[in-house]
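Structure first, then comments.
The values are calculated or read from the model by the stated rules, or taken from the named source; none is laboratory data. This one's a predicted model, so the numbers in the text were calculated from it and none came from an experiment. Every residue, glycine among them, receives a Cβ derived from its backbone with ideal geometry; neighbour counts consider all protein chains shown. The area values use the complete protein model at the heavy-atom level, side chains included, leaving out ligands, DNA and RNA. Shrake-Rupley method; radii C 1.70, N 1.55, O 1.52, S 1.80 Å.
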Amino acid sequence: MSYQQEYGNAVNNPEAFWREQAEKLAWYKAPDTILQNDENGIGRWFVDGELNTCYLAVDYHVDQGKGDQTAIIYDSPVTNTKQKISYKELQEAVSKFAGGLASLGVKKGDRVVIYMPMIPQAVIAMLAVARLGAIHSVVFGGFSAHELAIRIDDAQPKVVVTASCGIEIERVIQYKPMVDEAIELAEYKPSSVVLLQREQCQASMVEGRDVDYNTLVDSSEPAGCTAVKATDPLYILYTSGTTGKPKGVVRDNGGHAVALNYSMSTIYGMQPGDVFWAASDVGWVVGHSYIVYGPLIYGCTTIVYEGKPVRTPDAGGFWRVAEEYKVKALFAAPTAFRAIRKEDPDGKLIGDYDLSALETIFMAGERLDPPTYHWTVEKTGKPVVDHWWQTETGWAICANPVGLGTLPTKAGSSTVPVPGFNVKILDSLGNELPANTQGTIAIELPLPPSCLPTIWGNFERFKQGYLSEYPGYYCSGDGGYVDEEGYLFIMGRTDDVINVAGHRLSTGEMEEVLASHEAVAECSVIGVADKLKGQVPVGLTLLKDGVDIDEEQLQAELVAMVREKIGPLACLKRTIVVPRLPKTRSGKILRKLLRQIASGQEYSVPSTIDDPSSVSEIQSVMLDKGLVDDRSPEEV
Ligand code: COA
Ligand code: AMP
């Protein structure tokens, strides 16, 4: 079927379309009702269906006689380890760990926080939680104890699963002290912590609370799969919003399984048994969907890579893994390829490996800049697919659907809406804009399966943040335009969210940290263009009257505070002192204007401005300090 036919079917007759997709899965009770509004008025998928996501991802394949097929390849250049885990072995490991969690009191609907590095036990823990019908919340290892504490308080987990350490190239990062500190900081106290001791570092245990991972597994009986409703939550994944409090994106079981299963063939062109590699981290949505659930539900082999694109040991790491395991589809953030390009600009290392099994390279997580796109196509000779998605959707909103016959690509565009997503470009009044006109990217409701139905414990925040601005639409928070052929171009966030090395961060949250410094009267954090990471945050600070502090010392203190409160992944390395920040007459900092100046965009000064001369003043400070992106569109 062509892309156009498939897209038309999904948008014009969504219930028939998604019923057909749902029939491809092994439900305990197949759904009769495909789409129905819930008590909040949100369209929910497969409401009377019952299933278990772990069953689909693991046991189903064993039942189909594929138990000996490799489910997970663990490749860890940082520990010199390689391991293959078959579906049968995965079933044993997951059911035993699920039994262990059950013995700690975890049951359907309970939450379990997972704070782990990229090791198979992280995936096993996620699947084990799903097996029990419980809800996991994975927290990325680069977040600080403070961030972990916020998530523990919000999710209220019965158990936290962790490992003694992660390894960042050659540095051992101790995880357990962070878990201990987070639990100390959090008001809510989980009853148990399950700790996997890694040989690189032994962590201390808290008597009466901590349980050793291996001892727990050895002493537990395997647990079976618990049936859940399609609309029961599978996981909560926290993502950055515009304030300091992260949003717990809720993913349900049924819609998620159906959408991911559909995407594996349609978007990624995979067949069961193929090797799919998302070089991300299980702490991000890409890791949830395409290291764990998508490939496993579809019966592929997935790779858990504990390494970086460069320096583990060199810029050929990706190509080595692709050759060694005959990877058919490789998926990573553009930053990873910019890092490889920086170290191997001529792509010499690519030639050292046989990439004949690799059919397509997928990129997402941040804007794919045309130079990185062209370099990757030229040096690898492979098609490169840019696709746009968000934690909120759990899968791609726009892509070049390889399984429906790849469309011609356009550098800078994430191609066309995926079947199920009715994408519109709106002006500030909610009117649809014509081709080639930039506006807010919105998706007409109902959203297709897998998209969030709410924010954990806070439907009001979901309504206010996504649904209120344009009634009848989901507002994506991204701006962009569609060209005359229907290709979508994402131009960046319209809110206070930035993308640093493919990691989504809130400038508002960083501002809250900077503002808590005793010398700082006011501040604004903006994303500034960076050749490697796409964007990096820079803090503009205004000192309190009479404060005399050395600018470098202040910067060092602020940088340390952000590392402590948010984590190293925030990458805030630079702050500057400014004489004034442009504000409205009511005293609101004009953040949008600052963002526009930093990105070298045209801007208009709002009529509500307090003093128009503050704009030229801040612009010249930012130019002076090299904070304005003055590259031409061809260079970007
Ligand atoms: N646990 C603990 N710390 C972590 C971590 C983790 N899982 N991941 C990152 N960090 C730390 C890093 O060690 C670094 O700390 P430092 O400031 O003390 O050096 C900091 O967080 C920033 O990390 P990162 O943004 O990864 O920068 P880097 O310079 O170490 O590496 C790249 C640069 C390009 C190699 C790396 O950013 C990368 O691989 N990016 C791809 C991102 C990606 O896959 N995103 C997923 C979305 S699809
Ligand atoms: P996350 O929720 O962490 O996946 O981040 C989602 C945000 O990343 C989106 O709202 C976009 O701003 C950005 N993003 C993701 N994919 C792309 C892409 N292909 N092109 C441009 N921006 C992207």
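Side notes on the structure shown:
- Under the Debye formula (equal points on every Cα, no solvent term), log10 I(q)/I(0) of the chain at q = 0.08 Å⁻¹: -0.56
- Solvent-accessible heavy-atom area per residue, rounded to whole Å², over the chain at 1.4 Å: 38
- Linear extension gain, Gln601 paired with Tyr28, 0.36 nm per residue minus alpha-carbon span: 200.9 nm
- Set of aspartates and glutamates with alpha-carbon distance to Lys326 below 19 Å, sequence-local pairs under 8 removed: Asp68, Asp75, Asp274, Glu306, Asp352, Asp354, Glu359
- Accessible area of region 301-373 belonging to carbon and sulfur atoms, whole % at 1.4 Å probe: 48
- With the simple model of a label 7 Å out from the Cα in the direction of the Cβ, Leu433 to Lys107 spans 5.3 nm.
- Average Cα contact separation per residue, region 498-636, under 8 Å, 6 or more apart, as relative contact order %: 21
- J(HN,Hα) series, region 382-388, from Karplus relation 6.51 cos²θ - 1.76 cosθ + 1.60, nearest Hz, glycine and proline x: 9, x, 10, 10, 8, 9, 9
- Area accessible to solvent at Arg19, 1.4 Å probe radius, in Å²: 90
- Couplings 3J(HN,Hα) for region 432-438, derived from phi with the Karplus relation 6.51 cos²θ - 1.76 cosθ + 1.60 (θ = phi - 60°), are 6, 8, x, 4, 6, 10, 6 Hz, where x marks Gly and Pro.
- Structure-based [θ]222 nm, the chain - -39500 (n - 2.57) summed over DSSP H runs of at least 4, per residue, nearest 500: -8000 deg cm²/dmol
- For the chain, share of DSSP beta bridges that run antiparallel, in % to the nearest 5: 60
- Overall form of region 586-636 per C-alpha gyration tensor (a/c, 1.5; a/b vs b/c): prolate
- Partnerless cysteines, meaning none of the other Cys C-beta atoms lie under 4.7 Å away, in the chain: Cys54, Cys225, Cys300, Cys398, Cys451, Cys475, Cys523, Cys571
- Listed peptides 307-316, 603-612 appear in the order 307-316, 603-612 once ranked by packing, highest mean of other Cβ atoms within 10 Å at the front.
- Shown for region 403-483: the carbon plus sulfur share of the solvent-accessible area, taken with all protein chains present and a 1.4 angstrom probe, equals 50%.
- Computed accessible area, Leu196, all protein chains, 1.4 angstrom probe, square angstrom: 10
- Amide H contacts under 5 Å for Cys165: Tyr175, Arg198, restricted to partners 5 or more places along the chain or on a different chain, H placed in the peptide plane at 1.01 Å from N.
- Cross-link pairs Lys108/Lys463; Lys382/Lys463; Lys158/Lys544 - those with Cα-Cα distance over 32 Å: Lys382/Lys463; Lys158/Lys544
- A cut-off of 5 Å between modelled amide H atoms, ignoring neighbours fewer than 5 places along the same chain, links Thr301 with Gly273, Asp274, Val275, Phe276.
- Length-normalised contact order of region 46-187 in % [C-alpha pairs under 8 Å, at least 6 apart]: 22
- Using Cβ point charges alone (K and R +1, D and E -1), the dipole size of the chain about the Cα centre works out to roughly 600 debye.
- Once the Cβ-Cβ distance of His374 and Ile173 is raised to the sixth power relative to R0 = 25 Å, the FRET efficiency obtained is 0.10.
- Carbon plus sulfur fraction of accessible area for region 140-252, probe 1.4 Å, in percent: 48
- Along the axis of the charge dipole computed for the chain (Cβ charges of +1 for Lys and Arg, -1 for Asp and Glu, origin at the Cα centre), the listed residues Val577, Thr393, Leu260 are led at the positive end by Leu260.
- For region 87-167, size of Cβ-based charge dipole, Lys and Arg +1, Asp and Glu -1, in debye: 280
- Distances between placed amide hydrogens fall under 5 Å for Arg111 paired with Ile135, Lys158, all partners being 5 or more residues away or on another chain.
- For region 471-583, size of Cβ-based charge dipole, Lys and Arg +1, Asp and Glu -1, in debye: 200
- Part-to-part distance (alpha-carbon centres) for region 372-386 and region 326-344, which is given in Å: 10
- Probe 1.4 Å - accessible area at Leu429, Å² to nearest ten: 140
- Using C-alpha pairs under 8 Å with a sequence gap of at least 6, the mean separation divided by the residue count of the chain gives a relative contact order of 12 percent.
- Spatial separation of Cα centroids for region 17-86 and region 164-233, in angstrom: 25
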